[in-house]
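Accompanying notes for the structure given below.
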Amino acid sequence: MFEKLSLLPLGHIIRNKSIQNFLFLAVIQSSNILISIITMPLLIQSVGLDQFGLVNLSLSVIILLNIMVGFGYNLSAPKDVAVNQQDKVALSHLVSNVFSGKILLAFLATLFILIGVFGLNLFKEYQVILLFSCLLLFSEATLPLWFFQGMEKMKLISITNIFSKLLFLMGIVLFIHQPDQSKWVNFIMGFFGLTINIFLLFYIHIFLEIRFYRPEFSAIWKSLKDNILFFFSNLASHISINGGLIILSFFSVAETLGMYSLAERVVMVLRLFPALIIQAIYPNAAKNYQNDELAFFRFLKNVYVRVLLVGMLITAGTYFTAPWIIQTLARKPLDESVDYLRILAAVPFLACLNVGNVTLMLVADLKNLLFKASWMMCVYMIITASLLTSQFGGIGLCYAILSTEIIVFLICMVLLFRNNRKLFLGFYS
């Protein structure tokens with residue numbers, strides 16, 4: 001395919017490894033979005049709105065623990081793999097240690113859930129669903145996306161990701177037909193994800209000649225220490241962005257959780273846009289920053305203006321089509337979900353505001369600032385969301401989410417201005 005495209009004027013661009021990585025990452029995200037949209041009405045019809053809310057609540061808890069399983073390897077490991085691409089021995093040790101570390105963390109996360117369920121009697125309404133969801137932790141631990149990113153070989157994992165999601169969709173259609181089967185939803189997702197990941201591990205071993213050694217605990221411990229800031233930054237960001245459903249569960253019934261989670265799922269899918277943009281421009285931005293700062297600022301400003309325009313269109317489109325979106329996904333009118341979606345529609349645009357700040361911190365290796373901003377945002381979100389949700393329910397949570405996006409943008413601006421004024425003025429002047 002790429003050979004044929006090389007005959008076109010844009011062929012030299014498409015052959016660029018960074019562009020290919022972006023395209024394949026976009027394919028992965030697009031397939032995830034599409035399957036998520038397709039499964040929502042199927043699940044609501046099969047298990048009901050209240051069980052749909054509990055399934056999503058369990059998934060929120062698992063995704064939160066998956067941050068611990070990932071432990072920043074998604075940011076650090078691709079670079080380490082890229083550096084050692086030609087050294088099979090060093091690459092084998094690296095791959096063995098990363099996978100071993102993530103699997104150990106998956107067991108630790110599972111232990112936390114077991115203690116919470118059987119020791120502390122937490123998660124009362126959805127204990128069974130949550131226990132069956134634990135397989136997703138091991139699916140995350142064995143996901144080799146970071147390896148293929150570093151090797152700049154994203155085609156295979158893009159295809160297998162689509163295949164995994166199609167198998168999950170098939171499982172929903174074949175096996176989920178009534179509310180008491182809701183415990184199997186996340187289990188099916190984890191099962192097919194883990195199965196595909198094991199296939200990819202065999203491919204890495206046989207075709208790429210990567211050996212799997214016994215874990216070197218000293219190396220694993222060192223990598224965990226090196227990734228600690230990335231981990232806490234990711235954890236704080238995730239809580240701030242996706243922790244609302246967990247907070248709402250303390251103040252609302254399952255049906256309200258279902259209506260809110262339906263709107264939130266739509267918005268979180270749209271919110272992937274600024275994150276994907278940052279992933280896409282980061283390599284080129286980092287290179288420009290090292291070689292020519294003026295070219296870097298011009299590049300980032302041009303991208304930023306376009307991102308804001310697209311974000312504004314996404315927000316406007318979501319607001320005006322909210323009744324149709326909810327009607328399509330739920331197969332019935334849900335006025336409460338429409339209200340939630342119309343308020344949350346501003347989230348994609350507000351998230352786009354911070355694309356410039358986050359990119360500046362990444363290219364300048366300002367991990368400490370990213371860490372501070374993430375945790376300040378997290379603390380603000382938890383306090384604000386708890387107060388507003390306790391008083392106004394789901395509507396209060398929606399406004400807390402919006403204000404969090406604004407606050408983190410302002411926090412990042414202030415931190416950049418105070419700690420690297422040259423970088424700040426270079427972009428904003």
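A few comments on the model shown:
- Given (1) modelled with pLDDT of 90 or more; (2) in contact with a helix residue (DSSP H, G or I) (Cβ under 7 Å, 6 or more places away or on another chain), number of the condition residue 116 does not satisfy: (2)
- Qualifying residues in the stretch 213-244 (those that are open to solvent by 90 Å² or more (accessible area, probe 1.4 Å) and of a type in the set (A, V, I, L, M, F, W, C)) - the one farthest from the chain's Cα centre (by Cα): 217
- Only a single item in (1) in contact with a helix residue (DSSP H, G or I) (Cβ under 7 Å, 6 or more places away or on another chain); (2) in contact (Cβ under 8 Å) with a residue 40 or more places away in the chain; (3) within 30 Å of residue 38 (Cα to Cα) is not met by residue 223, and it is number (3).
- Flag for residue 257 being open to solvent by 30 Å² or more (accessible area, probe 1.4 Å) and either touching a strand residue (DSSP E or B) at 6+ places or on another chain (Cβ under 8 Å) or part of a helix (DSSP H, G or I) (or both): no
Each row is one residue, and each column tells you yes or no for (1) in a helix (DSSP H, G or I); (2) at pLDDT below 85; (3) open to solvent by less than 20 Å² (accessible area, probe 1.4 Å); (4) over 21 Å from residue 239 (Cα atoms).
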site: 27; (1), (2), (3), (4): yes, yes, no, yes
site: 30; (1), (2), (3), (4): yes, yes, no, yes
site: 34; (1), (2), (3), (4): yes, yes, no, yes
site: 38; (1), (2), (3), (4): yes, yes, no, yes
site: 60; (1), (2), (3), (4): yes, yes, yes, no
site: 63; (1), (2), (3), (4): yes, no, no, no
site: 74; (1), (2), (3), (4): yes, yes, no, no
site: 82; (1), (2), (3), (4): yes, yes, no, yes
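- Subset of the stretch 139-169 that is at pLDDT below 90, open to solvent by 30 Å² or more (accessible area, probe 1.4 Å) and among the hydrophobic types (A, V, I, L, M, F, W, C) - its residue that is nearest to the chain's Cα centre (by Cα): 145
- Contacts under 8 angstrom Cβ, first residue in the stretch 298-326 being in contact (Cβ under 8 Å) with a residue 40 or more places away in the chain, partner surrounded by fewer than 15 Cβ atoms within 10 Å (Cβ to Cβ), 6 or more apart: 326/333
- Here residue 332 fulfils each of the conditions (1) among the basic types (Lys, Arg); (2) within 30 Å of residue 46 (Cα to Cα); (3) assigned to a helix (DSSP H, G or I); (4) out of contact with any Phe, Trp or Tyr (no Cβ under 9 Å at 6 or more places or on another chain) apart from (3).
- Residue among 121, 97, 56 that is in contact with a Pro (Cβ under 7 Å, 6 or more places away or on another chain) and either crowded, with 22+ Cβ neighbours inside 10 Å or without any contact (Cβ under 8 Å) to a residue 40 or more places away in the chain (or both): 97
- For the stretch 323-371, filtered to residues that are under 16 Å from residue 405 (Cα atoms) and small (Gly, Ala, Ser), the residue that is most open to solvent (accessible area, probe 1.4 Å) is 346.
The values are calculated or read from the model by the stated rules, or taken from the named source; none is laboratory data. No experiment lies behind these values; they were computed from the predicted model shown. All Cβ positions, glycine included, derive from the backbone under ideal geometry; neighbour counts span all protein chains shown. For the accessible areas, the whole protein counts, side chains as well, though only heavy atoms, and no ligand, DNA or RNA atoms are used. Shrake-Rupley method; radii C 1.70, N 1.55, O 1.52, S 1.80 Å.
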